[in-house]
Amino acid sequence: MALFRSQVLICGGTGCSSSGSGKLIDRFEELLEKNKLQDEVKVVRTGCFGLCEAGPIVIIYPEGAFYSHVTVPDVDEIVAEHLVKGRIVQRLLHRGSLDDTGKVRALDDMDFYQKQKRVALRNCGVIDPENIDEYIAFDGYKALYTVLSEMKPQDVIDVLLASGLRGRGGAGFPTGRKWQFAMNSAGDKKYVCCNADEGDPGAFMDRSVLEGDPHAVLEAMAIAGYTIGSDQGYIYVRAEYPIAVKRLELAINQARAYGLLGKNIFGTDFSFDIELRLGAGAFVCGEETALLNSIEGLRGEPRCRPPFPAVKGLFDKPTILNNVETYANVCQIILNGAEWFASMGTEHSKGTKVFALGGKINNTGLVEVPMGTTLREIIYDIGGGCPNGKKFKAVQTGGPSGGCLPASLLDTPIDYDNLIAAGSMMGSGGMIVMDEDNCMVDIARFFLDFTVDESCGKCTPCRVGTRRMLEILNRICDGKGEEGDIEKLETLADNIKATALCGLGQTAPNPVLSTIHQFREEYEAHIYEKRCPAGVCQKLLRYVIDPAKCKGCTLCVRVCPADAITGNVKEPHVIDPAKCLKCNACMEKCKFGAISKQ
Amino acid sequence: MKSFADLEAIRQKTLDKVNLRREHEGTRIVVGMATCGIAAGARPVMLAFLDEVSKRNLLDVTVAQTGCIGMCRLEPIVEISVPGQDKVTYVKVAPEMVPRIVQEHVVNHNPVDEYTIGAAE
């Protein structure tokens, strides 16, 4: 086999693919061939590197040069300079990837990666996810072999219990206990399911694992099958993740071809196979019992619990259902031991957690940090703070089930229990950063709008209750808020929390409750002063011209579609609020910065 | 796949392919590949190194290229750094010299003095 002197790793995750990494790969291959370098340099399409903001990303080894925002014309320069002549193209290197002497720093030393600890994402951006051999080279399927040859099912559960691994889907139930229940449940047939129906707005951790390291999930599911006594697994993945679906299908076929899935794995009497089930993208199907219904071909509606799936799950048989990221940790725990895993994190939350950083943040992307890292470290040290020097206002964790944490809680170490104590939750790991330009009432309305849309309608509190809450929020944002609205919202929220059927309904009011709790003054400004402090809620805005700055150039008069601006040439103009449509056209055109929103 | 040996075989086979991406502290062979180096025949030299390293299955060795070292008249120039030893610079390297350099220097850690820059000057 040929040995390559250099390897070009190009991100093939969804983020970089949509910014054109596919074209880069084609161009690299074309140019390598033209320069007769195809036997020396290898191009590898990998999973996500995490720094999606800077995509498309290309890393070239052995130098470890980290190129960001690469375009097709840049490829010509990289090939001509770096690959032919061995000169790193300084201009394309990602900022922060050079040390003081101008040498390329190791990836791990970059600000973005320095505080990260990649366990679930360890292979993402390192291996070619479409090649099972590369997974095996990085110790893939060794954990499965260890389990099958040396461990009894109870041993696996004991390791997981000792490791302290908790479910990464959001609720944080101890994984070892879940597996124990399923193992102890009697049944002629049992199932292992994987929840890859990642539905929270702004969350893409699971997608990256599936796209970058699909075999890690398959291997862990096989281990789960051996542990609870199951021979069939299902991965429920949303159809909106076409790259993940394609790589999973490929991975399953490759594992079957190697006999790592199928009958008599490693020559033992353990057999296990996995099938994919594609979800149509209903948020409720991320709820475990609704997901099981959907796999069975029923409507995606939650079931009453108990009985829990570990007792009566898929096709009424004992079933374990874990999140993608949970599975991605399992093999590492088996290989490195429970103590290694438990050495990371806080007292009751062990290991690492992947977060999808989004919103008003410089380094949008995927980060994996040990539990107990503070919000400040994630948002400022790794995320690089808010763009354009804006002031940080809040961070939303846990998606539509979570809440907003204000600047005063930035030093909270993140783990399951601290986030709940702060009025939010871990959720699957979406982290949306908001700056001073975000209106918290509007944010609460956005999430509630999402829940109302996605409510399956089975139970009344969620179907009707969330809609009533949304109507009140819409009224407040339209300037028709009344005294007592905040209290009404709180009462409705309490009732929904207490009575909704499934976890999604019970947590739906959280974004409203937490914003009322942390930013009550913004609600009050909307209701009593008919004012939106952040300048977001259109109907509450007033555009005004500062007479001291206005030169009377009449530009605004000409762009106003509603003839709302009047004034003589070279004299200050005025806006008639009754006619103003709040279209922002005048403010964009004014050369003197005389127009502002209030 | 029936045994751990099968798995290990695939792992070993793929390891040298992905080895560049792992952290390792091994020997570095750096070939000067600027215009001067390429004109003097650095490419066949580098391919010879790759070939030799691959044949001997030397997992901790990296073959890399660099720009002009500044002594164009002595190209092709190859620098080899073995961990714990001083860097050695070979000049006017030809593909025929490569097996000996790999055997004596990279594997046995004895630089081939007669090919080095000290001998040429």
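Observations on the structure shown:
- Of the residues making up the stretch A:47-54, none is touching a helix residue (DSSP H, G or I) at 6+ places or on another chain (Cβ under 8 Å) and surrounded by fewer than 21 Cβ atoms within 10 Å (Cβ to Cβ).
- Looking across the stretch B:1-24 at every residue that is more than 7 Å from every other protein chain (Cβ to nearest Cβ) and either at pLDDT below 70 or touching a helix residue (DSSP H, G or I) at 6+ places or on another chain (Cβ under 6 Å) (or both), the one that is most open to solvent (accessible area, probe 1.4 Å) is identified as B:Glu23.
- Scanning the stretch B:76-88 for residues that are within 13 Å of another protein chain (Cβ to nearest Cβ) and more than 12 Å from the chain's Cα centre (by Cα) yields one hit, B:Pro76.
- Subset of the stretch A:374-413 that is out of contact with any Ser or Thr (no Cβ under 9 Å at 6 or more places or on another chain) and assigned to a loop (DSSP other than H, G, I, E, B) - its residue that is most open to solvent (accessible area, probe 1.4 Å): A:Lys391
- Residues of the stretch A:429-481 that are assigned to a helix (DSSP H, G or I), closer than 21 Å to A:Thr499 by Cα and open to solvent by 50 Å² or more (accessible area, probe 1.4 Å): A:Asp449, A:Asp453, A:Glu454, A:Thr460, A:Arg463, A:Val464, A:Arg467, A:Arg468, A:Glu471.
- Assessment of the stretch A:92-110 against the conditions (in contact with a His (Cβ under 7 Å, 6 or more places away or on another chain) and free of Cβ contacts under 8 Å to residues at least 40 places away in the same chain) yields no matching residue.
- Filtering the stretch B:60-75 to residues that are more than 10 Å from every other protein chain (Cβ to nearest Cβ) and under 14 Å from A:Arg5 (Cα atoms) leaves only B:Asp60.
- Only listed residue being open to solvent by 60 Å² or more (accessible area, probe 1.4 Å) and in contact (Cβ under 8 Å) with a residue 40 or more places away in the chain, chosen from B:Arg28, B:Arg73: B:Arg28
- Any hit, the stretch A:33-41, residues being within 24 Å of A:Arg87 (Cβ to Cβ), in contact (Cβ under 8 Å) with a residue 12 or more places away in the chain and away from chain B (no Cβ under 11 Å): no
- Check on B:Thr27, touching a strand residue (DSSP E or B) at 6+ places or on another chain (Cβ under 8 Å), within 9 Å of chain A (Cβ to nearest Cβ) and of a type in the set (Ser, Thr, Tyr): no
- Residue match in the stretch A:49-63 (condition: under 22 Å from B:Arg28 (Cα atoms) and at pLDDT below 85): yes
- Test: residue in the stretch A:144-166 that is within 25 Å of the chain's Cα centre (by Cα), modelled with pLDDT of 95 or more, open to solvent by less than 40 Å² (accessible area, probe 1.4 Å) and of a type in the set (Ser, Thr, Tyr): yes
- Annotation note: Cβ proximity below 7 Å between a residue of the stretch B:43-55 that is more than 9 Å from chain A (Cβ to nearest Cβ) and free of Cβ contacts under 8 Å to residues at least 60 places away in the same chain and a residue that is part of a helix (DSSP H, G or I) and of a type outside the set (S, T, N, Q) (sequence gap 6+ or interchain) occurs for B:Pro44/B:Pro95; B:Val45/B:Pro95; B:Val45/B:Val98; B:Ala48/B:Pro95; B:Ala48/B:Val98; B:Glu52/B:Val98; B:Glu52/B:Pro99; B:Glu52/B:Val102.
- Among the numbered conditions (1) surrounded by fewer than 16 Cβ atoms within 10 Å (Cβ to Cβ); (2) out of contact with any Asp or Glu (no Cβ under 7 Å at 6 or more places or on another chain), the only one that B:Lys87 does not meet is (2).
- Filter result (among the hydroxyl-bearing types (Ser, Thr, Tyr) and at pLDDT 90 or above) within the stretch A:348-365: A:Ser349, A:Thr352
- Residue within the stretch A:296-312 that is of a type outside the set (S, T, N, Q), touching a Gly at 6+ places or on another chain (Cβ under 7 Å) and over 30 Å from B:Ile10 (Cβ atoms) present: no
- Helices (runs of 4 or more DSSP H) within the stretch A:276-372 that include 3 or more residues touching a Cys at 6+ places or on another chain (Cβ under 9 Å) and farther than 15 Å from A:Asp206 by Cβ: A:288-296
- Restricting the stretch A:132-143 to residues that are open to solvent by 10 Å² or more (accessible area, probe 1.4 Å) and of a type in the set (Asp, Glu) leaves a set whose member that is farthest from A:Leu366 (Cα to Cα) is A:Asp133.
- Scanning the stretch A:120-131 for residues that are within 13 Å of chain B (Cβ to nearest Cβ) and open to solvent by 10 Å² or more (accessible area, probe 1.4 Å) turns up A:Arg122, A:Val126, A:Asp128, A:Asn131.
- Subset of the stretch A:476-499 (residues that are aliphatic (A, V, I, L, M) and within 18 Å of A:Ser424 (Cβ to Cβ)): A:Leu489, A:Ala493, A:Ile496
- Residue selected from the stretch A:251-268 under the condition within 13 Å of another protein chain (Cβ to nearest Cβ), open to solvent by 40 Å² or more (accessible area, probe 1.4 Å) and out of contact with any Ser or Thr (no Cβ under 8 Å at 6 or more places or on another chain), by the criterion nearest to B:Asp6 (Cα to Cα): A:Tyr258
- Flag if B:Pro99 is more than 10 Å from every other protein chain (Cβ to nearest Cβ) and either on the phi > 0 side of the Ramachandran plot or in contact with a Gly (Cβ under 8 Å, 6 or more places away or on another chain) (or both): no
- Residue within the stretch A:88-100 that is assigned to a strand (DSSP E or B), open to solvent by 40 Å² or more (accessible area, probe 1.4 Å) and either away from every other protein chain (no Cβ under 14 Å) or touching a helix residue (DSSP H, G or I) at 6+ places or on another chain (Cβ under 6 Å) (or both) present: yes
- Verdict on A:Thr346 being open to solvent by 20 Å² or more (accessible area, probe 1.4 Å), within 17 Å of A:Phe173 (Cα to Cα) and among the hydroxyl-bearing types (Ser, Thr, Tyr): yes
- Condition met for A:Ile59 (touching a strand residue (DSSP E or B) at 6+ places or on another chain (Cβ under 6 Å), surrounded by fewer than 23 Cβ atoms within 10 Å (Cβ to Cβ) and among the hydrophobic types (A, V, I, L, M, F, W, C)): no
- Output for the stretch A:414-428, where each listed residue is surrounded by 24 or more Cβ atoms within 10 Å (Cβ to Cβ) and outside any helix (DSSP H, G or I): A:Ile414, A:Ser424, A:Met426, A:Gly427, A:Ser428
The values are calculated or read from the model by the stated rules, or taken from the named source; none is laboratory data. No experiment lies behind these values; they were computed from the predicted model shown. So basically every Cβ, Gly included, is an ideal-geometry build from the backbone, and we count neighbours across all protein chains shown. Heads up: the accessible areas ignore ligands, DNA and RNA and are worked out on the full protein's heavy atoms, side chains in. Shrake-Rupley method; radii C 1.70, N 1.55, O 1.52, S 1.80 Å.
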